[in-house]
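J.: One structure, as structure tokens, below. Some questions next.
Here, each number is a calculation from the coordinates, and none is a lab measurement. Since this is a predicted model, take the numbers as computed values, not measurements. Methodologically, a virtual Cβ is constructed for each residue, glycine included, from the backbone with ideal geometry; neighbour enumeration extends over all protein chains shown.
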Amino acid sequence: MGTAVVLGGSIAGLLAARVLCEHAQTVVVVERDDVETGAARRSGVPQSGQIHNLLAAGRVQLERWFPGFMAEAEAAGGVLSDLSRTARYQNDTRLVALRGQRQLTASRELLEALIRRRALAAGQVRIVLARARGLEFAGSAVCGVRVEDAEGRSETIAADLVVDAMGRHSQTAGWLAAEGWCPPRVERVYSGVNYVTGVFSRASGVPDLGLALIRYSQGAGPEDLYAAAASAIEDNRWMVLLAGLEDHWPGRTEDEFRRLCALLPAPFPEAVQGEMEAPIATYRMRDNQRRRYDELAHLPARLVAVGDAVASFNPTWGQGISSAALHASTLSYWLCDQPDLGRMPVEFFALQRVVVDAAWEMSAGADLERTAPSGPGTVWARMRRWLRSQIMLAAIDDPGVARRVGAVTAMMAHPDTLNEPSLALRAVLVNHRPGAGRPDASARVPRR
Ligand SMILES: Cc1cc2nc3c(=O)[nH]c(=O)nc-3n(C[C@H](O)[C@H](O)[C@H](O)COP(=O)(O)OP(=O)(O)OC[C@H]3O[C@@H](n4cnc5c(N)ncnc54)[C@H](O)[C@@H]3O)c2cc1C
């Protein structure tokens, strides 16, 4: 390709740009925010001040596209710690520790800045500070992008391929509809999660626990918490999340935030000891959202979409960055196959669907179970649900089952791998061994 244009210069867009370097002479990233000034918070990414957990799949993909990324992140202040320094809780129960590679904890801002630096280092990538306003077509293919800068000057950038990475609120579907194309169906699963994040100073060094994640069934944690997370990040800070459901916003004042954290297990009480370094940041995620490009029978050639523009999830599952990275790898896989770019990119969206389906099943699937539990259903459906609950229960303290479940939640394995009969059998045996007597993690009585 001569020129590939990526709309949106956040994590998904920058990773796509990195991949496109291997297929295009020039890669233009159109970004509405002035990202190169290094301003910490920017309006195009309103979630940037919230805690972001990097799953193993994201870490592996980042290292794939940017060798040495983890070492660089550590040098920039990110905290690399052994997985034994990560604590995961289901309700009041601490889950068995996972073994494996190290965990990186850092702010989303740092991750994005490092990804941008590496993507731009390739030399072929340039960022155009402008807002994308629409697509240009030649017959049934996209051939360019209309952009407008902050002074209102418009221009058209010709493109051999356009990648939409404009995030959850991408306008592309509307532009397609305006040109007479059928826009992708939007699928939504209600989530109703409220994020409240505080940042606190921390004593230097790697703390005993660098990351803690808690999930409470049905939002029934202390004082109706739904989830909580504490992450040791760069510049000797803790980033701490308290999440509630519906109209519950836990810890919206500093005193309230500290008081709630004191009710939680380590490292939460310790994490809020220091000075609060930034105003409390809030964010509401109403629903999981997915644009079904994969279903379209007619879509223009030379246009694909990646990242949140395609699917964004209940953030407590931490899937967004890893999904964006896997979409970039999907783009690479598709382009390496030398597709005819003059034809509809159905193969790309079919490949991407595998990744999106897997993430969607975990996060949107869990929200569906929580908000609209399925009825009894067929015998097979009931059996499948029972076996899944057995696997989740066994994963609390059986290292073998925990490893398999952990691989799925870290997006290193497909959820279908949990359907293997041998795993279900092991889980049932673990749960029913004499003296097991463990509480059912999905049905704990809440502490209030
Ligand atoms: C509260 C919250 C918590 C989260 N926590 C996690 C987590 O723990 N772990 C995780 O992996 N993920 C998490 N995510 C998801 C993660 O933030 C995103 O998946 C990630 O940022 C990648 O998104 P993206 O690049 O596709 O889109 P975004 O990051 O939303 O970026 C879209 C970009 O497009 C630009 N843009 C938009 N419109 C235009 C236009 N017209 N012209 C030019 N530029 C435009 C924007 O300025 C922005 O730079 C969380 C999300 C939320 C909301």
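J.: Restricting attention to region 148-213, which trypsin sites (Lys or Arg not before Pro) occupy a DSSP loop and are surrounded by at most 11 other Cβ atoms within 10 Å?
T.: Within region 148-213, the qualifying trypsin sites (Lys or Arg not before Pro) (loop, at most 11 other Cβ atoms within 10 Å) are Arg153.
J.: Once phi is turned into ³J(HN,Hα) by the Karplus curve 6.51 cos²θ - 1.76 cosθ + 1.60 with θ = phi - 60°, what whole-Hz value does each residue of region 204-221 show in order, with x for glycine and proline?
T.: Those phi angles translate into 5, x, 8, x, 3, 10, x, 8, 9, 10, 10, 10, 10, 4, 6, x, 10, x Hz.
J.: Which percent of Cα pairs goes in each bin when the distances of region 1-145 are cut into 10 angstrom slices starting at zero?
T.: Over region 1-145, the share of Cα pairs per 10 Å bin runs 10, 35, 31, 16, 7, 1 percent.
J.: Cα centroid distance between region 167-213 and region 18-88, in Å?
T.: That distance is 15 Å.
J.: Report the Stokes-Einstein translational diffusion coefficient (µm² s⁻¹, integer) for the chain, Rh taken as the Kirkwood radius over Cα pairs, at 20 °C with viscosity 1.002 mPa s.
T.: 94
J.: All other residues with a Cβ under 12 Å from the Cβ of Thr378 taken together, and with Lys, Arg as +1 and Asp, Glu as -1, what is their net charge?
T.: Residues close to Thr378 contribute a combined charge of +3.
J.: So what is the relative contact order for the chain, in percent, with contacts set as C-alpha pairs under 8 Å and at least six apart?
T.: 19 percent.
J.: Percent relative contact order of region 13-87, based on C-alpha pairs within less than 8 angstrom and at least six residues apart?
T.: 18
J.: Right, another one. Taking other Cβ within 10 Å of each residue's Cβ, how do Cys261, Cys21 sort, fewest first?
T.: Cys21, Cys261
J.: Please report Rg over Rh for region 188-285, where both radii come from the alpha carbon positions and Rh follows the Kirkwood definition.
T.: Values: Rg = 12.9 Å, Rh = 13.4 Å.
Rounded to two decimals, Rg over Rh is 0.96.
J.: Counting alpha carbon pairs within less than 8 Å and at least 6 residues apart, what relative contact order, in whole percent, applies to region 363-431?
T.: Value for region 363-431: 33 percent.
J.: Tell me, Kirkwood radius of region 363-431 from alpha-carbon pair distances, in Å?
T.: 12.6
J.: By average Cβ neighbour count within 10 Å, what is the ranking of 157-165, 111-119, 367-375 from highest down?
T.: 157-165, 111-119, 367-375
J.: By counting other Cβ atoms within 10 Å of each Cβ, how are Val405, Val240 ranked from fewest to most?
T.: Fewest to most other Cβ atoms nearby, the residues stand as Val405, Val240.
J.: Work from the charge dipole of the chain (Cβ charges, +1 for Lys and Arg, -1 for Asp and Glu, about the Cα centre) and give the residue of Val206, Val272, Gly221 farthest towards its positive end.
T.: Toward the positive end, the furthest listed residue is Gly221.
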